[in-house]
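Presented below is the structure to which this report refers.
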Amino acid sequence: MQRRTIAGYMFISPLFLLFAIFIIYPIIFNIYVSFFEWNGIRPEMNFTGIENYINIFKDPVMVKIIRNFVVFAFFTIIIQAFLGISFASFFIRSIKGSDFYRTVFYIPVIATPAIIGNIFSRILETNRGQLNEALRAIGLDFLAMQWLADPKYALGCIIAINIWQWTGYSMLMYYANMLNIPSDIYEAATVDGARPYQQFFRITIPLLRSTHFTLFIMGALGSLKCFDLPYILTKGGPNYATEFFPTYINKKSFELFDQGGASALTVIMLVIAMIITLAQVMLYTRNNKDKELAER
Amino acid sequence: MKNSRAYVILSELVCIVFMLFCLYPLGLMLVKSFSSGGFGNAKGGFDNYIKVFETVDLWPNFVTSFTVVGGTLLVVGVVTSMAAFAFSKLNFPAKNVLYYLLLTGMMVPVAALIFPLFQVVKGLGLNNTAFSLIFPYATLNALFNLIVLKNFFDGLPNELMEAAHIDGANTWRIFTRILFPLSLPGLSIVLIQTFLLSWNELQMAMIFINKPAMQPISVVPLRFMQNIGQSFPLGIMYACLVVCLLPIAIFYLFAQRLMVRGLTAGAVKG
C-alpha cells in the first residue's frame, strides 16, 4: 500500500511541477507586485499599500472595461446558444448536407485569430472596405459607417466577429450532447402524442441543461479573457470602447510601464474568474443532487 | 421521424445563409490572393504565391510554429497521461483535493501569467526561442485536458490493474505496457485540442518572441497588417494569409471526424 501511495505522487508530480511554476508562481507574483509602485524594469520598487487598487477604482476606463465585459458576455452567450442549438437540432434531424454544414460551420473556430482579424479589418475598413462598398452599391450610403473607428459601433463589430468565430463551437457541443439523449425517450413521447416542437421544448432543451450551463460558464470566462480580436482590430480603442481586462493589462504592462497597476488589475480579474468558477461548482453540485434524486 | 416540408425548407435556407456568412471572409481572402489590385505592383495569379516564397521568407516562422506545437504535444502527452492515470487508478492521500486544485488552473486567464513568465523566460535567456512557449502552453493544455483523459481512464476496467499486479508487474510497467496503450484513443483527442490551441495562440507568443524572423505563424499576420504598402501589395498579403492558414486547415480536414467524439468525452461529465 505504501508503495502505491508514493507511486501516485510520482505520477502527478510532473504536472504539479508545471502547475506550480507556470500558474501558481505568476499569480503570487501579481498579488505581491500589486502592492508596489513599479515600472516593471528598474530594480527599485516602492511599497504603496492598496494605492494601486484605489487608483483602479478611480480610473474611468474601469467602468468601460466592466461594461464591455458584461455586454460582450451577454450578447455572445445568448446569440451563440440560440444559433448553436438551432443548427444542432437541424443536424440531429439530419437535414440534407448536415455533415457538410457541420464541417463548414466549425472552420472559423480553428482559423488563426490573427488571420481572421486581418481579413475583417479590411472588410470593415471605412473607405475601401467590402462592407461599406456593398452598402454604397445598393444605395444605402447612409448605413456606411466607420465601423471600427466609431466608439458607437466598434464593440458591436467585435461581438459580431466573435459570434462568427464561435457559433460552430456551440453548435458542436449541442450536437455532441444531443447524440447522447436516448432515442426511446422521443419514441415514447411520440407514442404519447407529443408534437415535434413539444418534444423539442419539453425534452431536448431541459435535458441539455448541463450543456447550456457549460457553455454559459465558458462564455463568461471567455469574455473575461477576451484579447485577440480587440487587440488585432482596435487595440482596445477608440476611446476604450473595446477595452477588456487582458488588453488593458497588456497596455499597462508593456506600453504604460505601470506594472503595479497591471498586477492589481490582474488580481481583480482573477477574483472575477473565481466568482464565475464558484458559481459553476455550486450549480454543478446542485445538478448532481437533482440527478441523485431522479435516480432514487 | 420525418421532417415536414416547411421544416426542411426553412432549415436549409438558414444553413445556406449562415454558410455564406462563414465562408465569405475566407473566400474573399482566397480570391484576393490572386488579385493584382491594391497598392504596389502585384502581378496577380499564381505569381503572388511565387512572390510569397521569394520575398517573404516564412520558413523560419513555420519552423518555430512546428517546434512549439511539437514540443507542446510531447510534454502534454506524457504529463497529462501520467496524471490522469494516477487520479483515475491509484489511491493516495489528498487525491481529490489535489485534483480539484489542478482543475482551478483552467479558469486562469493567460493575461495573468504573461508578465511574470516573461521575466522568467528573459532571465533564462529563452525569449525569442520556441522553448519559451512550449512549457506554458503545455501546462495550460494539460490542465484543460486532465478531465477528458481522466474520464477516459475511468472507463477502462480496474481488473486490468489488479490482474497485472498479481502477475508481479509494478505500477510503472502497468502504466506503460497496459493502460497507456489502451488510453491512446482518448489521448489522440487531447492532442488534437492541444494542436489547435497552441498553433493559434497569440497573446503569449507575441510578447515572448518579438524578433520577426522567429515569430510563430499565429503572430506573423499582425506584421502584415502594418507592412502593407508599395513594396508589399494587398494581393501578396492575402497570399501570405492563405499560406499561413494552410497547415491548420489541412490538419482540420484530417482531425475533424474525431472532434465530435472528443467533445462528448469531455462534456458528458464536465
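Ordered by the count of other Cβ atoms within 10 Å of each Cβ, fewest first, B:Val52, B:Val76 give B:Val52, B:Val76. Look at the stretch B:212-222: the mean tally of other chain Cβ atoms within 10 Å of its residues' Cβ atoms is 3. Helices assigned as whole DSSP H runs in chain A whose Cα atoms extend at least 30 Å along their own long axis and whose mean Kyte-Doolittle hydropathy is 1.6 or higher are found at A:60-92.
When the Gaussian network model of chain A links Cα atoms closer than 10 Å, the mean-square fluctuations of A:Pro60, A:Pro113, A:Pro151 top out at A:Pro60. The three principal axes of the C-alpha atoms in chain A carry coordinate ranges of 78, 76, 31 Å, sorted with the longest axis first. Within the straight-line cut-off of under 20 Å between alpha carbons, the aspartates and glutamates reachable from A:Lys252 are A:Glu37, A:Glu44, A:Glu51, A:Asp59, A:Asp228, A:Glu243, sequence neighbours fewer than 8 places apart in one chain being disregarded.
Quantify how much of the Cα-Cα distance distribution of the protein assembly as shown extends past 41 Å, in percent.
The calculated P(r) of the protein assembly as shown puts 27 percent of pairs beyond 41 Å.
Pairs with C-alpha atoms separated by more than 24 Å, drawn from the list A:Lys152/A:Lys225; A:Lys251/B:Lys211; A:Lys58/A:Lys251; A:Lys251/B:Lys51, are A:Lys251/B:Lys51. Subtracting the Cα-Cα distance of B:Thr104 and B:Leu30 from 0.36 nm times their residue separation leaves 22.5 nm of extension gain. Put in line by how crowded their Cβ is, counting other Cβ atoms within 10 Å and starting with the fewest, A:Ile107, B:Ile248, B:Ile217 read A:Ile107, B:Ile248, B:Ile217. Here is how the number arises for chain B: DSSP H runs of 4 or more residues each give -39500 (n - 2.57), the sum is divided by the residue count, and the result at 222 nm is -23000 deg cm²/dmol. For the stretch A:83-163, the set of trypsin sites (Lys or Arg not before Pro) satisfying both a DSSP loop assignment and a count of at most 14 other C-beta atoms within 10 Å is given as A:Lys96, A:Arg128. When the alpha carbon coordinates of the stretch A:192-296 are projected onto the principal axes, the ranges are 66, 29, 16 Å, largest first.
Other residues within the sphere of radius under 13 Å centred on the Cβ of A:Asn132, judged by their own Cβ, net out at -1 (K and R +1, D and E -1). Taking amide hydrogens as placed 1.01 Å from N in the peptide plane, the amide H of A:Phe36 sits under 5 Å from those of A:Thr48, each at least 5 positions away in sequence or on another chain. Counting 0.36 nm for each residue step from A:Leu256 to A:Asn180 and taking away their Cα separation leaves a gain of 22.3 nm. Counting Cβ atoms of other protein chains within 10 Å of each residue's Cβ and taking the mean over peptide B:197-206 gives 4.
The fewest-to-most ranking of A:Ser263, A:Ser94, A:Ser34 by surrounding Cβ atoms within 10 Å reads A:Ser94, A:Ser34, A:Ser263.
Every number here is computed from the coordinates shown, using simple stated rules; none is lab data. All figures in this text were calculated on a predicted structure; none of them were measured in a lab. With ideal geometry, Cβ positions are generated from the backbone for all residues, glycine too; neighbour counts draw on all protein chains shown.
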